[in-house]
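Read through the structure below, which is laid out as structure tokens, and then see the notes.
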Amino acid sequence: MFRTRDRIEIKTADQLQVMRAAGLVVARTLQRVVQITAPGVTTAELDDCAAQSIRDEGATPSFLGYHGFPAHICVSINEQVVHGIPGDRYLVDGDVVSIDCGAIVDGWHGDAALTVLVGDVAPDLKELSRVTEESLWAGLGAAQPGNRLSDIGHAVESVVRAAGDRYGIVEEYVGHGIGSSMHMEPAVPNYGRPGKGPRLVPGMALAVEPMVVLGDPGVHVLEDDWTVVASDGSHASHWEHTVAVTEDGPWVLTALDDVRL
Ligand code: MG
Ligand code: MG
């Protein structure tokens, strides 16, 4: 499943700085969208907020028009895992909402997602989101020069497995290389044995994005051809950051603060 290392785009230090600029646009846009995420707000209003933010930052949305995607962010509610299309649906108290955003600065991409708990959310769903975010940070922490690619997925999976057998990791959708395109080699699964695949070297950039279901991880796509849902109707959580491999370790390009692990 892994391609050879020479298929993976290696960025210069200057190019990573531009990716950091794109990552900051994504981080600030997600922050603005989260601030207005509340019961009674429509998902289209979240999209309008993201569109305004990306425009005001002088950046270009990665998602709008991507394979025909009709919006600036993906908004995926409850049993929706990823790729939900914003529209006239109102958020209600207790919703678990994944918001995914991508932006381009001078041709370089940033991509991140987070899960927002709307109002009063059931404790087991708060824990689902917490475990998923923790698994993301374990995966980011494994993006060390000298590690192998599969060490990232192994780190993600280890956190989810340790949290108990109620959780299922979605396997049909995975993280990805990122840089001059949003989706590039290599695929970054959220599971697997350690020590496999290409060695991580400075200049690689990866989007790590665990998708975890509180139930069976089987998924399918709705008739809108975009929205991915948990087939058994269980709630899902999705967290994502873009991380660069540097000589000093992982640099989280889509964090609001300058986070180096
Ligand atoms: Mg994303
Ligand atoms: Mg992504």
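How many residues does the stretch 153-196 contain that are small (Gly, Ala, Ser) and closer than 29 Å to residue 21 by Cα?
The total comes to 8.
Name the strands (runs of 3 or more DSSP E) wholly within the stretch 180-236 that hold at least 2 residues that are modelled with pLDDT under 95 and surrounded by fewer than 20 Cβ atoms within 10 Å (Cβ to Cβ)?
In the stretch 180-236, no matching strands (runs of 3 or more DSSP E) lie anywhere.
Just name the residue that is farthest from ligand 2 (Cβ to nearest atom) out of those in the stretch 164-179 that are farther than 23 Å from residue 253 by Cβ and open to solvent by 40 Å² or more (accessible area, probe 1.4 Å).
Among them, the one singled out is 165.
Report yes if some residue within the stretch 67-78 is closer than 27 Å to residue 225 by Cα, open to solvent by 20 Å² or more (accessible area, probe 1.4 Å) and part of a helix (DSSP H, G or I); otherwise report no.
Among the residues of the stretch 67-78, at least one is closer than 27 Å to residue 225 by Cα, open to solvent by 20 Å² or more (accessible area, probe 1.4 Å) and part of a helix (DSSP H, G or I), which makes the answer yes.
Suppose we filter the stretch 91-149 for residues that are on the phi > 0 side of the Ramachandran plot and either part of a helix (DSSP H, G or I) or modelled with pLDDT under 95 (or both); how many remain?
Final tally of qualifying residues: 0.
Considering the stretch 237-251 alone, what residues qualify as being among the hydrophobic types (A, V, I, L, M, F, W, C) and within 14 Å of ligand 1 (Cβ to nearest atom)?
239, 243
Please determine, by comparing only the residues of the stretch 79-112 that are of a type in the set (D, E, K, R) and under 18 Å from residue 222 (Cβ atoms), which one is most open to solvent (accessible area, probe 1.4 Å).
The qualifying residue most open to solvent (accessible area, probe 1.4 Å) is 88.
The values are calculated or read from the model by the stated rules, or taken from the named source; none is laboratory data. These numbers come from a predicted model, not from an experiment. Every residue, glycine among them, receives a Cβ derived from its backbone with ideal geometry; neighbour counts consider all protein chains shown. Heads up: the accessible areas ignore ligands, DNA and RNA and are worked out on the full protein's heavy atoms, side chains in. Shrake-Rupley method; radii C 1.70, N 1.55, O 1.52, S 1.80 Å.
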